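Colleague: Sharing a structure, written as structure tokens. Questions coming.
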Amino acid sequence: MRSTRIAPLVAISAVAALVPALTPAVASAAAPTPRQVVNDPLRQYTHQTPRWKRCEADLPANYQCATLKVPLDYSRPGGRKLDVAVSRIKATNPQKRHGVLLLNPGGPGGPGLDMPLWLGPELPTAVKERYDLIGFDPRGVGQSSPLGCGLNDEELNWQRPYKAATFDKDVRWARTVADKCRARNGDALAHFTTRNSARDMDVVRAVLGEKKISYLGYSYGTYLGAVYTQMFPRRTDRFVLDSAVDPQRVWRGMIQVWAEGAEPAFTRWTKWTAARHATYGLGDTPAQVSRTFWDLVARADREPIEVQGTLLTGDDIRAGRAVFFDVQGAAEAVAELKKAAEGTPSAAPSRRAEAPRHVPPSFGRAVPSDNSDAVFWAVACADTRAWPRDPEQYRRDAIRDKARYPLYGDFASNIKPCAFWKNGAEPATTVNNTVGALILQNEWDSQTPLVSGQGLRRTMKGARMVTVLGGQGHGVYGAKSCADKTATAYLTTGRLPASDLRCVATPAQAQNRLDLPLPAPQGLPGLPGRS
């Protein structure tokens, strides 16, 4: 859900007017009659012949790319067209091949075209034998008719705590972002939605000649996958939904859940750190550890603390709420902060300093520098009509939630550009089905907390869920988790567990990470530590 500002995590009921446009080509499982074929408004899209070619000269030859066309507006398939860039690495054992496995890394706004390259090595051989790995940039992202709003650095900064003195400025910021996105993209913004990305996935399915697709989606990708199961249940094969978004909370609620989830993570951290006072020197009781942290926040609010060349205010420190989902990383980060405040910072970064993040190849097409941010807001704002329109509602909610969730509540509930966004083309989807799927969830996930995964499980009654107790970080499958065996068995056999499962992460497993796009800071700015 990308950079230290936004990305990239975080579906909507069918509209009667769109049903005829989707009916025989995409929605119907029956063989079309000749008359249906003639009248099929999506035939020009579903019957494309992809022109596969090597993605780039310096990338593996078996990694191929193609560009497909999809309609901007599925209710007007003869209108403006968009590009959707897709990639593939074919199944390594044609005799065992089961089909295609579409991949999505999250966001909204996360590019997935190169996902077969970087995720493939993390997947078991048994999975790669059976599936063509299919990457794609969702509409508006990367190489797929990329969106941009022309946002400058200040406008990209959406980590805005509520303060009475700056609230009017924050309202102007939110309005400016919405106005600039609308000026750049016009009415097209209404069609950059999860529902339309799900329709695009079904066009990919048809073009690849598959009756059904299998799918592995992370973070926001779980919501995209869930929406696909709701819209195209007969096209759904084996779906793994990893680090899940609660469909009932999109999208303001999924930002607010970061604040809700941070409080129990912080409490857990104070207990863990108090038991290791001899190592970190932050207090020998949870109350003392908590007081040490909040004293540092108050001190930084009075006078910013310099850490590794960066001046941090108390609000900057609170914005790094995600670090507390990794107890050891948080203890090291706060210990470094304390040393810096005392004038004795360490000379070198901690051994747990975050590794450089993966940067996707450019694939030739210029992408606006604010692409991930533009797509995040486009999808978050157009997917649902539940965003409040009155700025005063945001003020009241931010004041309330700062009291409820001191670490991040006012950040989460403060005003967002969606307050001034035009409605999307369709209302929100109600995900409520019995389609089979496997949900994977770490107990201590900073971006999609456990309650979020449990929310998706409630809406998908035919699914099963594996909860990794003690699991930290965002992303389960491919991170050498105790849930990997269950996920691999499902992908290779199609059999779900008889009931929901729990497994316990080892200390080593709890530290593994996947390189997923994130919509919020991964740790305290300028400090070591990971979420």
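The values are calculated or read from the model by the stated rules, or taken from the named source; none is laboratory data. Just so it is clear, the model here is predicted, and its values are computed rather than measured. When we count neighbours, we look across all protein chains shown, and the Cβ atoms used for this are built from the backbone with ideal geometry, even at glycine.
Each row is one residue, and each column tells you yes or no for (1) modelled with pLDDT under 95; (2) in contact with a Leu (Cβ under 9 Å, 6 or more places away or on another chain); (3) more than 29 Å from residue 483 (Cβ to Cβ); (4) hydrophobic (A, V, I, L, M, F, W, C).
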site: 247; (1), (2), (3), (4): no, yes, no, no
site: 250; (1), (2), (3), (4): no, no, no, yes
site: 260; (1), (2), (3), (4): no, no, no, no
site: 266; (1), (2), (3), (4): no, yes, no, yes
site: 286; (1), (2), (3), (4): no, no, yes, no
site: 295; (1), (2), (3), (4): no, no, yes, no
site: 312; (1), (2), (3), (4): no, yes, yes, yes
site: 330; (1), (2), (3), (4): no, yes, no, yes
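Colleague: Note down all Cβ pairs under 7 Å where the first residue falls in the stretch 37-56 and is farther than 19 Å from residue 76 by Cβ, the second is modelled with pLDDT of 95 or more and part of a loop (DSSP other than H, G, I, E, B), and they're at least six residues apart or on different chains.
Modeller: 54/61; 55/63
Colleague: Same structure, new question: Quick test of your reading of the structure: residue 473 fulfils all but one of (1) buried (at least 23 other Cβ atoms within 10 Å of the Cβ); (2) among the small types (Gly, Ala, Ser); (3) farther than 20 Å from residue 173 by Cα; (4) modelled with pLDDT of 95 or more. Name the failing condition by number.
Modeller: Failing condition for residue 473: (4).
Colleague: For the stretch 231-264, name all the residues that are assigned to a helix (DSSP H, G or I) and buried (at least 24 other Cβ atoms within 10 Å of the Cβ). Walk me through how you get there before you give the answer.
Modeller: Kept after step one, since they are assigned to a helix (DSSP H, G or I), are these residues of the stretch 231-264: 231, 233-235, 247-249, 252-264.
Once the filter is applied, which keeps residues that are assigned to a helix (DSSP H, G or I) and buried (at least 24 other Cβ atoms within 10 Å of the Cβ), the stretch 231-264 yields 231, 247, 254, 255, 258, 261, 262.
Colleague: Out of the strands (runs of 3 or more DSSP E) lying entirely within the stretch 55-159, which hold 2 or more residues that are buried (at least 17 other Cβ atoms within 10 Å of the Cβ) and under 22 Å from the mean Cα position of the chain (by Cα)?
Modeller: Filter on the stretch 55-159 gives 81-89, 99-104, 131-136.
Here is a yes/no grid of residues against (1) within 20 Å of the chain's Cα centre (by Cα); (2) crowded, with 16+ Cβ neighbours inside 10 Å; (3) not in a loop (DSSP other than H, G, I, E, B):
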position	(1), (2), (3)
393	no, no, yes
397	no, yes, yes
402	no, yes, yes
406	no, yes, no
412	yes, yes, yes
415	no, yes, no
425	no, yes, no
430	yes, no, no
435	no, yes, no
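Colleague: Enumerate the pairs (first residue in the stretch 312-330 and crowded, with 24+ Cβ neighbours inside 10 Å and assigned to a helix (DSSP H, G or I); second residue anywhere and modelled with pLDDT of 95 or more and basic (Lys, Arg)) with beta-carbon separation below 9 Å, excluding pairs fewer than 6 apart on the same chain, so at least 6 apart or on different chains.
Modeller: 324/268; 325/268
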